[in-house]
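Asker: One structure follows; several queries about it will come next.
The values are calculated or read from the model by the stated rules, or taken from the named source; none is laboratory data. Values in this document were obtained by computation on a predicted structure and should not be read as measured data. No Cβ is skipped: glycine too gets one built from the backbone with ideal geometry, and neighbour counts run over all protein chains shown.
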Amino acid sequence: MAFPGIDFPGVGCGLIIQRADGKVLLYRRVKAPEAGHWNIVGGKVDQMEHSSEAARREAEEETGLKIGAVDFLCTIEALVEADRQHWISMIYVAREFSGEPQLTEPDKLSEKGWFDLSDLPQPLSMFSEQAFAALKNVRTA
């Protein structure tokens, strides 16, 4: 059996969930790639699933939130040498959501929090670093 991201490049998605006050929701990863790093929510895109729907589905599964509209932000290619994983991910932003974030998948995510973009927790995942850089470029453009 072959595994995406390990045996061939995986196709993933990520979602920046941002409150009206500008703070973003991050979770600490339990598993590779980048175990122990703070990350935006997301996961792999299933066969015949649009990446925007995958981002919404993964976010709802991981947070317990109901996600509204999602807007495309960027594409990230991450080669995580330490974990020998290769992912190409479409990144989206959601500013419309309801509910309170939960730890619904404690086997995958161990902590959560809302963070100001100027004071992000460390270590931050490669995916999140690139996504926030793209978000800052959009805000200043």
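Asker: If you go through the stretch 99-117 one residue at a time, do you hit one that is surrounded by fewer than 15 Cβ atoms within 10 Å (Cβ to Cβ), among the aliphatic types (A, V, I, L, M) and touching a helix residue (DSSP H, G or I) at 6+ places or on another chain (Cβ under 7 Å)?
Answerer: For the stretch 99-117, residues surrounded by fewer than 15 Cβ atoms within 10 Å (Cβ to Cβ), among the aliphatic types (A, V, I, L, M) and touching a helix residue (DSSP H, G or I) at 6+ places or on another chain (Cβ under 7 Å): present.
Asker: Can you pull out every residue in the stretch 30-46 that is assigned to a strand (DSSP E or B) and among the aliphatic types (A, V, I, L, M)? Show your work before the answer.
Answerer: At the first step, the residues of the stretch 30-46 found to be assigned to a strand (DSSP E or B) are 38-39, 41-44.
Scanning the stretch 30-46 gives a single hit, Val41.
Asker: Next question. Does any residue of the stretch 120-131 turn out to be modelled with pLDDT of 95 or more, more than 15 Å from the chain's Cα centre (by Cα), under 25 Å from Ala32 (Cβ atoms) and not in a helix (DSSP H, G or I)? Walk me through it before giving the result.
Answerer: Applying the first criterion (modelled with pLDDT of 95 or more) to the stretch 120-131 yields 120-125, 128-131.
Then drop every residue that is not more than 15 Å from the chain's Cα centre (by Cα), which leaves 122.
With the extra rule that they be under 25 Å from Ala32 (Cβ atoms), the set shrinks to 122.
Adding the requirement that they be not in a helix (DSSP H, G or I) leaves 122.
Yes, because at least one residue in the stretch 120-131 is modelled with pLDDT of 95 or more, more than 15 Å from the chain's Cα centre (by Cα), under 25 Å from Ala32 (Cβ atoms) and not in a helix (DSSP H, G or I).
Asker: A further question follows. Say we look at the stretch 21-44 and pick out the residues that are of a type in the set (Gly, Ala, Ser) and either closer than 17 Å to Thr63 by Cβ or crowded, with 22+ Cβ neighbours inside 10 Å (or both); which of these is farthest from the chain's Cα centre (by Cα)? Show your work before the answer.
Answerer: Keep residues of the stretch 21-44 that are of a type in the set (Gly, Ala, Ser), which gives 22, 32, 35-36, 42-43.
Now narrow it down to the ones that are either closer than 17 Å to Thr63 by Cβ or crowded, with 22+ Cβ neighbours inside 10 Å (or both): 42-43.
Details: Gly42: 4, Gly43: 7 Å.
So the residue we want is Gly43.
Asker: Checking Ala78 against (1) part of a strand (DSSP E or B); (2) modelled with pLDDT of 95 or more; (3) not basic (Lys, Arg), which test does it fail?
Answerer: Tallying (1) part of a strand (DSSP E or B); (2) modelled with pLDDT of 95 or more; (3) not basic (Lys, Arg), Ala78 fails exactly one: (2).
Asker: Return the residues of the stretch 20-32 that are more than 21 Å from Gly68 (Cβ to Cβ) and in contact with a Ser or Thr (Cβ under 8 Å, 6 or more places away or on another chain); say none if nothing qualifies. Step through it out loud before you land on a result.
Answerer: Initial filter on the stretch 20-32 (more than 21 Å from Gly68 (Cβ to Cβ)): 28-32.
Answer for the stretch 20-32, where residues must be more than 21 Å from Gly68 (Cβ to Cβ) and in contact with a Ser or Thr (Cβ under 8 Å, 6 or more places away or on another chain): Arg28, Arg29, Val30.
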